[in-house]
1. Of the numbered conditions (1) at pLDDT 95 or above; (2) out of contact with any Phe, Trp or Tyr (no Cβ under 8 Å at 6 or more places or on another chain), PHE98 satisfies every one except a single condition; which is it?
2. Taking the stretch 53-65, which residues are part of a loop (DSSP other than H, G, I, E, B) and of a type in the set (D, E, K, R)?
3. Just checking, does the stretch 32-52 include any residue being more than 30 Å from ALA161 (Cβ to Cβ), small (Gly, Ala, Ser) and not in a strand (DSSP E or B)?
4. Give me a count of the residues in the stretch 81-96 that are among the hydrophobic types (A, V, I, L, M, F, W, C), within 17 Å of the chain's Cα centre (by Cα) and outside any loop (DSSP other than H, G, I, E, B).
5. Hey, among the residues in the stretch 101-122 that are β-branched (Val, Ile, Thr) and more than 30 Å from ILE45 (Cα to Cα), which one's surrounded by the fewest Cβ atoms within 10 Å (Cβ to Cβ)?
6. Given (1) free of Cβ contacts under 8 Å to residues at least 60 places away in the same chain; (2) under 17 Å from the mean Cα position of the chain (by Cα), identify the lone condition not met by LEU104.
7. Taking VAL113 as meeting all but one of (1) without any contact (Cβ under 8 Å) to a residue 24 or more places away in the chain; (2) at negative phi, write down the number of the exception.
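The values are calculated or read from the model by the stated rules, or taken from the named source; none is laboratory data. Quick caveat, the model's predicted, so the values are computed rather than measured. All Cβ positions, even for glycine, are placed from backbone atoms using ideal geometry, and neighbour counts span all protein chains on display.
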Amino acid sequence: MYRVYEVIDYVRIPPNRFGEPVDTVAEEYLREKYESKFDKDLGIIILVYDVNVSEMGIILPGDGGIYHEARFKMLCYVPVLHEIVEGVVRDARNIGLFVNIGPLDAFVHISQVMDADDIEYNEAFRAIVGDKNRNQVGVGDKVRGRITNISHQAAGLPRIAMTMRQPSLGKIEWIEGGQ
């Protein structure tokens with residue numbers, strides 16, 4: 001789920017950047033500090049935007065820089081349990097699919113790809129194929145799934161598990177075609 005947060009932070013403008021517009025320097029600093037980072041409470045910070053910097057700065061004794069208050073917005077992605085998401089299959093292996101759902105990849109175990117008696121991995125097509133219906137899903141296919149598990153690692157991005165074995169889930173082509 002995408003969320004927008006409004007944040008207040010202080011930005012240090014170093015002496016070597018005093019001649020530049022404060023808004024530009026502050027936005028560069030905030031983007032470097034926050035974008036593409038993961039925070040357990042906020043999620044994956046995708047974008048810092050709408051930066052407003054106060055004109056008055058604060059000078060701290062012994063520090064040559066000037067500190068300005070900055071108010072800005074952050075676009076973040078937070079995976080939510082049971083959320084329905086769409087993505088593109090990035091990789092197919094004998095254990096399942098890796099689906100890009102935006103800022104993260106989710107894993108779909110081979111047993112959760114489709115309702116079929118027998119499911120097998122076809123290495124030549126880099127796809128998972130249903131034995132009886134011959135439906136296949138592979139690299140580059142657009143799919144819809146439901147998040148079934150979110151595992152937070154000690155450091156780094158969370159691991160996402162999905163299923164595609166429910167009504168209105170699966171390969172988009174199957175859903176639209178009524179299969």
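1. (2)
2. Restricting attention to the stretch 53-65, the residues satisfying the condition of being part of a loop (DSSP other than H, G, I, E, B) are 60-65.
If the condition is that a residue be part of a loop (DSSP other than H, G, I, E, B) and of a type in the set (D, E, K, R), then ASP63 is the only one that fits.
3. Taking every residue of the stretch 32-52 in turn, none turns out to be more than 30 Å from ALA161 (Cβ to Cβ), small (Gly, Ala, Ser) and not in a strand (DSSP E or B).
4. Filtering the stretch 81-96 down to residues among the hydrophobic types (A, V, I, L, M, F, W, C) leaves 81, 84-85, 88-89, 92, 95.
Checking the rest, the ones that are also within 17 Å of the chain's Cα centre (by Cα) come to 81, 84-85, 88-89.
Now restrict to residues that are outside any loop (DSSP other than H, G, I, E, B): 84-85, 88-89.
Going through the stretch 81-96 one residue at a time, the tally reaches 4.
5. Of all residues in the stretch 101-122, those β-branched (Val, Ile, Thr) come to 101, 108, 110, 113, 119.
In the following step, the residues that additionally are more than 30 Å from ILE45 (Cα to Cα) were identified as 110, 119.
Working: ILE110: 16, ILE119: 19.
Of everything passing the filter in the stretch 101-122, ILE110 is surrounded by the fewest Cβ atoms within 10 Å (Cβ to Cβ).
6. The single condition LEU104 does not satisfy is (1).
7. All conditions pass for VAL113, except number (1).
Here's the yes/no breakdown for (1) assigned by TED's automatic domain parsing to the domain that holds VAL51; (2) over 27 Å from LYS40 (Cα atoms); (3) surrounded by 20 or more Cβ atoms within 10 Å (Cβ to Cβ); (4) in contact with a strand residue (DSSP E or B) (Cβ under 8 Å, 6 or more places away or on another chain):
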{"site": "PHE98", "(1), (2), (3), (4)": "no, no, no, yes"}
{"site": "ALA124", "(1), (2), (3), (4)": "no, yes, no, no"}
{"site": "ASP131", "(1), (2), (3), (4)": "no, yes, no, yes"}
{"site": "THR148", "(1), (2), (3), (4)": "no, no, no, yes"}
{"site": "ARG159", "(1), (2), (3), (4)": "no, no, no, yes"}
{"site": "THR163", "(1), (2), (3), (4)": "no, no, no, yes"}
